[in-house]
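Below is one structure, written out as structure tokens; the observations come after it.
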Amino acid sequence: MDRLPDEVVLQILSYLDVEHLVQLQLVSQRYLTLGRDNALWKMECFNHSKAEALRLRQQRLNVQDASLAELRNAYAALPGSDLTPLDVAHLMGRRQPLASNDPEAEERIQRSRALASWEPGYPNERLNYYDEYIHRHAPISMAWMDLPKTLDRDEVREATGVGMHIDQQSSEHVIAPLDDGSVCIWDVSARSTYLRGGGGRLVAQTKPGLLTGQAADATSESHAIMTETGAVECVSIDSSATKGYFAVQNLLQEVDLNTLQISSTKQYPFPITALSEQKNKIPLTVGTNMTIHLHDPRDPAFAAAESGSAGELIGGSLYSHATLAQPGPLSILHHDGFGPSDESIWVAGRFTSLLNYDRRFFPRLRGTVFSGARIASLSPLPYPFIPRSLDLIRNPSATISELQAAKSRIGTSILAAGEYKGKGSLELFGSPDLQSYMNRQTASASKLLCAAPHGGRIVFSDGDGHLKWMERDGFSHVRTFNINDTLPSDSTTDATTSGIFSSTASEVPGQGDIVQKIVPLQTLSSITAIEHGRLDISQSNLLLWTGDGRLGVLGFGHGSVFGEDEWHDAVEEQAQTAEQSAKADAERQYGMAMRRALERNADEVRFVRGLGMGFMR
């Protein structure tokens with residue numbers, strides 16, 4: 001085997017199962033490299049994808065006996081079935097036109113079309129499909145950060161926001177304000193062959209009341225101030241300048257992350273509800289309940305006695321602002337989508353349209369894009385929008401060349417998560433042509449809270465505590481995970497307390513914890529960490545901030561996310577961990593069912609308690 005060229009060895013490896021491919025990586029350095037070949041794992045990802053499953057289903061339908069048409073028609077007529085028109089056409093007996101009369105050639109053609117349609121990568125993008133397979137199929141694990149406790153040590157402080165700081169050494173730090181007005185910093189740097197990683201340890205904390213201006217022992221007053229607005233996008237970190245911006249009611253506090261002291265404070269006319277991301281020395285955009293402002297730290301008005309010498313930004317006065325016709329901006333995105341010289345500002349919130357401003361001509365509104373949904377989160381996708389009409393599996397008239405041309409053109413996309421008529425709405429907007437796709441059927445039965453790109457997939461959270469991964473088309477489901485399955489055991493005691501005087505409301509969907517914000521880790525350090533050795537596998541984790549003020553890191557594979565325990569290969573332990581997870585889930589479901597049964601019995605006791613006794617005062 002050592003004398004065979006790599007191409008021959010890879011051809012042999014293509015016939016191995018996933019478990020054997022993982023075990024082969026332990027043999028030598030050469031087989032470690034070949035066992036993680038990108039093309040090899042790309043085919044493994046495709047073979048386990050919904051696109052290949054749909055192709056195989058269509059193939060089986062084409063060869064089924066015509067006598068089953070009646071059964072297919074009955075199934076297709078069932079209400080609530082999640083079927084596309086082409087799927088219904090297959091079930092109703094109308095077959096897709098064949099590209100070749102040769103069955104083997106036809107299968108090769110359809111498989112190549114399915115592969116081209118499924119492939120998440122773009123021509124100028126290189127995805128790691130070994131990590132992709134792990135993220136799609138390996139078990140999910142959670143590590144919760146240790147939040148500081150109150151003075152009496154009985155309660156844990158709550159995080160009221162979250163941001164990410166990446167220093168010059170590519171170390172990643174989570175920065176979050178707490179409900180007592182303090183600021184905390186955790187190290188979540190990735191592991192490598194040379195470094196152990198940050199381990200999620202708390203590295204710094206300011207005194208309580210720093211952001212609120214209250215005394216250190218006035219925690220109840222600070223708690224009321226920090227939680228009154230309830231803004232999700234209330235933290236913006238400028239990694240290049242080592243500064244953090246924190247929105248506290250109508251004040252914008254600038255904190256020096258080196259000294260953890262407030263550098264300056266600026267007051268706005270209304271409570272701040274959203275802050276844009278701060279990067280590339282672009283002025284911060286601040287959204288209040290009724291206005292949009294541009295903030296530049298070079299503003300002389302930040303210093304008390306120098307307001308008369310204020311300069312001007314490009315395109316208008318530093319103090320000009322845009323007034324909103326409807327209140328409630330929730331997310332602000334700096335997105336250069338219309339060209340290299342474009343400086344777009346996108347604003348979304350409780351209103352039903354996306355507002356587009358150009359920083360050069362601010363505060364003039366350049367245009368709007370109607371959505372119909374109330375958008376809670378905006379995220380950038382630096383790749384062109386692919387319309388659903390180019391789905392090669394569901395649209396036989398589309399060609400591979402048309403799909404490749406669409407992927408190669410210049411353009412970017414905006415990922416939006418929100419709520420439409422009480423249900424979740426996952427939306428994609430392409431620029432510069434502003435094409436759109438809105439998934440309001442299969443995204444979620446409850447409101448979507450946030451969304452973010454994650455490798456070759458899209459991840460979003462909903463009001464039932466679910467995290468869902470979908471393909472980049474925004475339609476094809478990959479996997480689902482509920483955050484309440486991994487909450488600390490002592491944190492669910494109050495939520496599940498029941499008795500004769502309680503109700504079953506605590507057990508209905510949506511009553512657990514939810515994920516308010518998702519921050520993908522390893523956005524920059526995956527590129528620069530080569531200086532510190534080879535990165536550990538599956539380090540593209542997710543930082544989560546929940547509605548109950550918890551901070552956690554979601555990872556993939558067997559073992560601890562932060563690496564406290566001896567780690568194993570994530571895919572190698574997939575089967576065993578999946579079995580353990582299934583057993584734990586069955587136990588949890590049984591416990592919930594028993595609790596619901598007991599609470600229903602309690603409801604019956606309350607109902608019949610006064611029967612036959614008349615109306616009593």
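Filter region 14-27 down to the residues that are loosely packed, with under 12 Cβ neighbours inside 10 Å and of a type in the set (S, T, Y) and list them by number.
Hit for region 14-27 is Y15, nothing else.
When the residues of region 215-234 are filtered to those that are surrounded by 13 or more Cβ atoms within 10 Å (Cβ to Cβ) and among the acidic types (D, E), which remaining residue is nearest to V519 (Cα to Cα)?
Step by step, filter region 215-234, then rank; the result is E233.
Surrounded by fewer than 16 Cβ atoms within 10 Å (Cβ to Cβ) and at pLDDT below 65 - does that describe any residue in region 46-64?
Yes: region 46-64 contains one or more residues that are surrounded by fewer than 16 Cβ atoms within 10 Å (Cβ to Cβ) and at pLDDT below 65.
State yes or no: is S425 within 12 Å of the chain's Cα centre (by Cα), hydroxyl-bearing (S, T, Y), crowded, with 21+ Cβ neighbours inside 10 Å and at pLDDT 90 or above? First the steps, then the outcome.
Details: within 12 Å of the chain's Cα centre (by Cα): no; hydroxyl-bearing (S, T, Y): yes; crowded, with 21+ Cβ neighbours inside 10 Å: yes; at pLDDT 90 or above: yes.
When the stated conditions are applied, S425 does not pass them.
Mind checking which residues of region 331-360 are assigned to a strand (DSSP E or B), modelled with pLDDT of 90 or more, in contact with a Leu (Cβ under 9 Å, 6 or more places away or on another chain) and not aromatic (F, W, Y)?
Of everything in region 331-360, those that are assigned to a strand (DSSP E or B), modelled with pLDDT of 90 or more, in contact with a Leu (Cβ under 9 Å, 6 or more places away or on another chain) and not aromatic (F, W, Y) turn out to be S331, I332, L333, I345, V347, A348, G349, L354, L355, N356.
Do we find that A231 is within 21 Å of V156 (Cα to Cα), among the aliphatic types (A, V, I, L, M) and either in contact with a Ser or Thr (Cβ under 9 Å, 6 or more places away or on another chain) or at pLDDT 95 or above (or both) in this structure?
The answer is yes for A231.
Please go through region 258-268 and pick out each residue that is within 23 Å of H334 (Cα to Cα) and outside any strand (DSSP E or B).
Once the filter is applied, which keeps residues that are within 23 Å of H334 (Cα to Cα) and outside any strand (DSSP E or B), region 258-268 yields only Y268.
Answer yes or no as to whether T285 is assigned to a strand (DSSP E or B), within 20 Å of Q249 (Cα to Cα) and modelled with pLDDT of 85 or more. Steps first, please.
Details: assigned to a strand (DSSP E or B): yes; within 20 Å of Q249 (Cα to Cα): yes; modelled with pLDDT of 85 or more: yes.
Spelling it out, T285 is indeed assigned to a strand (DSSP E or B), within 20 Å of Q249 (Cα to Cα) and modelled with pLDDT of 85 or more.
Quick one: which of G209, G213, G198 is more than 20 Å from M290 (Cα to Cα) and in contact with an Asp or Glu (Cβ under 6 Å, 6 or more places away or on another chain)? Quick ask: steps written out before the conclusion?
Numbers: G209 fails: in contact with an Asp or Glu (Cβ under 6 Å, 6 or more places away or on another chain); G213 fails: in contact with an Asp or Glu (Cβ under 6 Å, 6 or more places away or on another chain).
Sole residue among the options that is more than 20 Å from M290 (Cα to Cα) and in contact with an Asp or Glu (Cβ under 6 Å, 6 or more places away or on another chain): G198.
Restricting to region 390-411, name every residue that is modelled with pLDDT under 90 and among the hydroxyl-bearing types (S, T, Y).
S397
Determine the pairs where a residue that is free of Cβ contacts under 8 Å to residues at least 24 places away in the same chain and of a type in the set (A, V, I, L, M, F, W, C), located within region 29-53, has a partner that is assigned to a loop (DSSP other than H, G, I, E, B) and surrounded by 15 or more Cβ atoms within 10 Å (Cβ to Cβ) with Cβ atoms under 6 Å apart, the partner being 6 or more residues away or on another chain.
Between residues of region 29-53 that are free of Cβ contacts under 8 Å to residues at least 24 places away in the same chain and of a type in the set (A, V, I, L, M, F, W, C) and residues that are assigned to a loop (DSSP other than H, G, I, E, B) and surrounded by 15 or more Cβ atoms within 10 Å (Cβ to Cβ), the close pairs are L32/Q25.
Step by step: first the residues of region 258-283, then only those that are surrounded by fewer than 21 Cβ atoms within 10 Å (Cβ to Cβ) and aliphatic (A, V, I, L, M), then the one that is farthest from S240 (Cα to Cα). Which residue is that?
Filtering first and then ranking leaves I262.
State whether one or more residues within region 544-565 are small (G, A, S), touching a Leu at 6+ places or on another chain (Cβ under 7 Å) and either modelled with pLDDT under 70 or crowded, with 17+ Cβ neighbours inside 10 Å (or both). It would help to see each step written out before you state the result.
Keep residues of region 544-565 that are small (G, A, S), which gives 547, 549, 552, 555, 557, 559-560, 563.
Among the residues that remain, those that are also touching a Leu at 6+ places or on another chain (Cβ under 7 Å) are: 552.
Subset that is either modelled with pLDDT under 70 or crowded, with 17+ Cβ neighbours inside 10 Å (or both): 552.
For region 544-565, residues small (G, A, S), touching a Leu at 6+ places or on another chain (Cβ under 7 Å) and either modelled with pLDDT under 70 or crowded, with 17+ Cβ neighbours inside 10 Å (or both): present.
Could you go through region 130-146 and let me know if any residue there is at pLDDT below 90, touching an Asp or Glu at 6+ places or on another chain (Cβ under 8 Å) and among the hydroxyl-bearing types (S, T, Y).
No.
Specify the residue that is nearest to the chain's Cα centre (by Cα); the eligible residues are those in region 361-375 that are outside any loop (DSSP other than H, G, I, E, B) and surrounded by 13 or more Cβ atoms within 10 Å (Cβ to Cβ). Spell out how you get there, then give the answer.
Of the residues in region 361-375, the ones outside any loop (DSSP other than H, G, I, E, B) are 361, 365-370, 374-375.
Then drop every residue that is not surrounded by 13 or more Cβ atoms within 10 Å (Cβ to Cβ), which leaves 361, 365-366, 368-369, 374-375.
Working: F361: 32, L365: 29, R366: 29, T368: 25, V369: 23, R374: 18, I375: 15 Å.
Filtering first and then ranking leaves I375.
Could you tell me how many of the residues in region 251-281 are in contact (Cβ under 8 Å) with a residue 60 or more places away in the chain and within 22 Å of P327 (Cβ to Cβ)?
Filtering region 251-281 for residues in contact (Cβ under 8 Å) with a residue 60 or more places away in the chain gives 255, 257, 260, 273-274, 276.
Keeping just the survivors that are within 22 Å of P327 (Cβ to Cβ) gives 273-274, 276.
Summing the residues that are in contact (Cβ under 8 Å) with a residue 60 or more places away in the chain and within 22 Å of P327 (Cβ to Cβ) in region 251-281 gives 3.
The values are calculated or read from the model by the stated rules, or taken from the named source; none is laboratory data. What you are looking at is a predicted structure, and each value in this text was computed from that prediction instead of being measured. Every residue, glycine as well, gets a Cβ built from its backbone with ideal geometry; the counts of neighbours run over all protein chains shown.
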